[in-house]
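Here is the structure we will look at.
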């Protein structure tokens with residue numbers, strides 16, 4: 001009986017010694033790892049450090065203008081108050097820019113317009129069937145969200161001063177200078193391929209504000 005108690009006491013002593021040794025080794029190892037920054041207690045607990053939060057913010061995707069961006073240009077005529085808008089191809093100058101850079105681009109563009117000593121009228125005839133001539137005052141960013149960019153152009157309509165006029169003479173188009181009514185150019189035309197409305201316009205006299213507009217027309221419709 002006494003031997004059994006001695007054996008039990010010896011077993012308990014051995015267990016206590018082993019636990020003491022284990023605790024001592026664990027404490028020393030833990031402190032060493034912590035001091036050498038090899039142990040991150042917050043990571044083991046599933047916590048998020050400040051560094052992790054910053055890295056996520058920096059990694060957040062920034063919206064930039066791309067080929068899929070919908071570009072809406074609002075146009076406001078200052079004198080009459082007329083307001084229109086249309087969807088246009090994204091200007092190549094805006095490609096790859098974020099909202100702040102687009103804002104600064106339009107700001108710099110508007111400043112150049114206002115500070116230019118030799119202000120010239122901007123001709124938008126190539127973008128429309130009508131001969132629209134505008135004096136652009138400024139362009140500003142309205143919004144850029146959900147890959148939709150909205151810009152606003154404030155302008156004044158200027159009555160165009162036509163320098164050339166084209167008439168049909170048989171199967172040719174004859175271009176005259178409006179200032180002295182002298183012939184400026186002759187060109188063959190693919191008359192049957194012209195839209196009906198354009199035929200009527202040419203037969204009544206189609207006017208052009210500059211050589212660039214005239215050249216564009218002749219390149220598009222003559223052979």
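The values are calculated or read from the model by the stated rules, or taken from the named source; none is laboratory data. Everything numeric here is computed off the predicted structure, so don't read it as measured data. Every residue, glycine among them, receives a Cβ derived from its backbone with ideal geometry; neighbour counts consider all protein chains shown.
Every test in (1) modelled with pLDDT under 85; (2) under 30 Å from residue 76 (Cβ atoms); (3) assigned to a helix (DSSP H, G or I) is passed by residue 219 save one, and that test is (2).
Of all the numbered requirements in (1) touching a strand residue (DSSP E or B) at 6+ places or on another chain (Cβ under 8 Å); (2) surrounded by 13 or more Cβ atoms within 10 Å (Cβ to Cβ), residue 216 misses one, and that requirement is (1).
Within the range 45-99, being in contact with a helix residue (DSSP H, G or I) (Cβ under 7 Å, 6 or more places away or on another chain) and at pLDDT below 90 holds for one residue alone: 49. Residues that are surrounded by fewer than 16 Cβ atoms within 10 Å (Cβ to Cβ) and assigned to a loop (DSSP other than H, G, I, E, B) within the range 143-184 comprise 146, 147, 158, 159, 161, 170, 171, 178, 179, 180, 181, 182, listed in sequence order. Please go through the range 67-110 and pick out each residue that is farther than 22 Å from residue 146 by Cβ and in a helix (DSSP H, G or I). Matches in the range 67-110: 107, 108, 109, 110. Cβ-Cβ contacts under 7 Å between residues 6 or more apart (or on different chains), taken from a first residue in the range 193-207 that is free of Cβ contacts under 8 Å to residues at least 40 places away in the same chain to a second residue that is buried (at least 16 other Cβ atoms within 10 Å of the Cβ) and part of a helix (DSSP H, G or I), are listed as 194/221.
All but one of (1) part of a loop (DSSP other than H, G, I, E, B); (2) modelled with pLDDT of 85 or more; (3) touching a helix residue (DSSP H, G or I) at 6+ places or on another chain (Cβ under 7 Å) hold for residue 131; state the number of the condition that does not hold. Answer for residue 131: the failing condition is (2).
Among the residues of the range 185-213, those identified as assigned to a loop (DSSP other than H, G, I, E, B) and surrounded by 12 or more Cβ atoms within 10 Å (Cβ to Cβ) are 194, 205, 209, 210.
Would you mind stating whether residue 123 is under 18 Å from residue 155 (Cβ atoms), surrounded by 12 or more Cβ atoms within 10 Å (Cβ to Cβ) and modelled with pLDDT of 95 or more? Explain how you work it out, then say what you get.
Details: under 18 Å from residue 155 (Cβ atoms): yes; surrounded by 12 or more Cβ atoms within 10 Å (Cβ to Cβ): yes; modelled with pLDDT of 95 or more: no.
When the stated conditions are applied, residue 123 does not pass them.
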